[in-house]
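J.: Before anything else, here's the structure in question.
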Amino acid sequence: MQIMPDKKQLSILIVLAALFALASCDRGQKQIIGKWKLNGSSGEVVWEFFHNGSLSAAGRPGRYSFGAGKRIKVQTPTATFVNQVKLEGDRMIWHAPDGSKQEFTRVK
């Protein structure tokens with residue numbers, strides 16, 4: 001015999017899942033705040049992420065936001081893209097849908 005959750009239990013589960021998703025996005029946003037140097041670049045390419053969702057990419061303004069599945073959406077005047085993001089201490093890795101990746105190191 002299969003037990004089905006009632007509407008109240010289902011509602012609680014949905015709210016908990018939504019809160020968990022929001023909390024993980026908030027944690028990622030807090031971890032990304034600051035300056036990051038793009039590894040392997042020929043010049044000094046620095047990205048800076050701010051608390052309000054804005055960014056500076058090599059001196060050019062932009063916006064960023066986190067989505068489901070550990071994704072980051074970046075919008076600059078010249079491009080918009082969505083990548084998987086992995087934050088590990090002072091290291092950040094972006095995986096693009098085409099399989100390429102970009103690695104960053106936090107600037108202290």
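The values are calculated or read from the model by the stated rules, or taken from the named source; none is laboratory data. The structure presented is a predicted model; accordingly, all values stated were derived computationally and were not measured. Heads up, the Cβs are rebuilt from the backbone with ideal geometry, glycines too, and the neighbour counts pull from every protein chain shown.
J.: So, in the stretch 29-52, of the ones that are assigned to a strand (DSSP E or B) and more than 15 Å from the chain's Cα centre (by Cα), which residue ends up surrounded by the most Cβ atoms within 10 Å (Cβ to Cβ)?
T.: L38
This table checks each residue for (1) under 14 Å from the mean Cα position of the chain (by Cα); (2) modelled with pLDDT under 95.
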residue	(1), (2)
Q9	no, yes
A18	no, yes
L22	yes, yes
D26	yes, yes
G59	no, yes
S65	yes, no
A68	yes, yes
V74	yes, no
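J.: For the stretch 53-72, give me each residue that is out of contact with any helix residue (DSSP H, G or I) (no Cβ under 9 Å at 6 or more places or on another chain) and exposed (fewer than 15 other Cβ atoms within 10 Å of the Cβ).
T.: Within the stretch 53-72, S54, A58, G59, R60, P61, R63, G69 qualify.
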